[in-house]
Amino acid sequence: MRVLLALAVWFALAWAEQVPTHDFFRITQTTSRSTSTPGAWRYVIAPRTKEARSYWGVLVTDWVRSLKIGLPVRFGPYRLELEKKQIRLQKGCDRFHPRCYSRPALPQGLESWKLDLILVDFHNALTWTLADAQKHARPYPATVAVSKFLRFHVDKGGVFLAEPLGWKP
């Protein structure tokens, strides 16, 4: 009887839907060939899959709307506020949890648990990219573009500046 139960559990797990917690976002790295900033590193974090793009669109729309009306946005390790048309970064969550990000009301067809997976993957991509940008921010600042939302400028001292990307305050 135990053997049959074990086989049933094994088959159920084998046929269960596998949910990836990675590969929702793509990180692209390039170096500048410009004569004014030769060798400056540039990074782009963008959703890779159609599913990630649909969730990302909802997130970015909500975050931009919140910033424009004067509400702060929880953005993982940062808290963002719009002051005089400039984005101010403050310290956010020390430890990652999907609730460290401001969460919009999801339209029908999008599920909260999948949003959590997408935020985990985004957080991993963001923290890795910002850490790598700090290493390569010499002698010119490195730039990290977060698709349709923010552009970070990281200098050699680890100072981060953020500006809107794809929208106006």
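The values are calculated or read from the model by the stated rules, or taken from the named source; none is laboratory data. Quantities reported herein were computed from a predicted structural model and do not represent experimental measurements. Glycine also receives a Cβ, built like all others from the backbone with ideal geometry; neighbour counts cover every protein chain displayed.
Quick check, is Arg42 surrounded by 17 or more Cβ atoms within 10 Å (Cβ to Cβ), of a type in the set (D, E, K, R) and either without any contact (Cβ under 8 Å) to a residue 24 or more places away in the chain or not in a helix (DSSP H, G or I) (or both)? Yes, satisfied. Evaluating Leu71 against the criteria (1) surrounded by 10 or more Cβ atoms within 10 Å (Cβ to Cβ); (2) more than 22 Å from Phe160 (Cβ to Cβ); (3) at pLDDT 90 or above leaves one unmet condition, (2). Quickly run through segment 74-89 and pick out the residues that are surrounded by fewer than 17 Cβ atoms within 10 Å (Cβ to Cβ) and closer than 17 Å to Val146 by Cβ. Selection gives Glu81, Gln86, Arg88. Scanning segment 137-160 for residues that are hydrophobic (A, V, I, L, M, F, W, C) and free of Cβ contacts under 8 Å to residues at least 40 places away in the same chain, which turns out surrounded by the fewest Cβ atoms within 10 Å (Cβ to Cβ)? The selected residue is Val159. Mind checking which residues of segment 58-88 are touching a residue at least 60 places away in the same chain (Cβ under 8 Å), of a type in the set (A, V, I, L, M) and outside any helix (DSSP H, G or I)? If the condition is that a residue be touching a residue at least 60 places away in the same chain (Cβ under 8 Å), of a type in the set (A, V, I, L, M) and outside any helix (DSSP H, G or I), then Leu80, Leu82, Ile87 are the ones that fit. Inside segment 19-65, residues that are among the hydroxyl-bearing types (Ser, Thr, Tyr) and either under 18 Å from Pro107 (Cα atoms) or touching a Gly at 6+ places or on another chain (Cβ under 7 Å) (or both) make up a count of 5.
Filter segment 95-104 for residues that are in a loop (DSSP other than H, G, I, E, B) and touching a residue at least 12 places away in the same chain (Cβ under 8 Å) and give the result. Hits for segment 95-104 are Phe96, Ser102, Arg103, Pro104.
Counting only residues that are touching a Ser or Thr at 6+ places or on another chain (Cβ under 8 Å) and surrounded by fewer than 17 Cβ atoms within 10 Å (Cβ to Cβ), how many does segment 45-61 have? Here the count works out to 1.
Residue check: Pro20 meets all listed conditions (1) at pLDDT below 90; (2) within 28 Å of Ala137 (Cα to Cα); (3) of a type outside the set (Lys, Arg) but one, namely (2). Among the residues of segment 95-117, how many are farther than 18 Å from Phe149 by Cα, hydrophobic (A, V, I, L, M, F, W, C) and surrounded by 10 or more Cβ atoms within 10 Å (Cβ to Cβ)? The total comes to 4.
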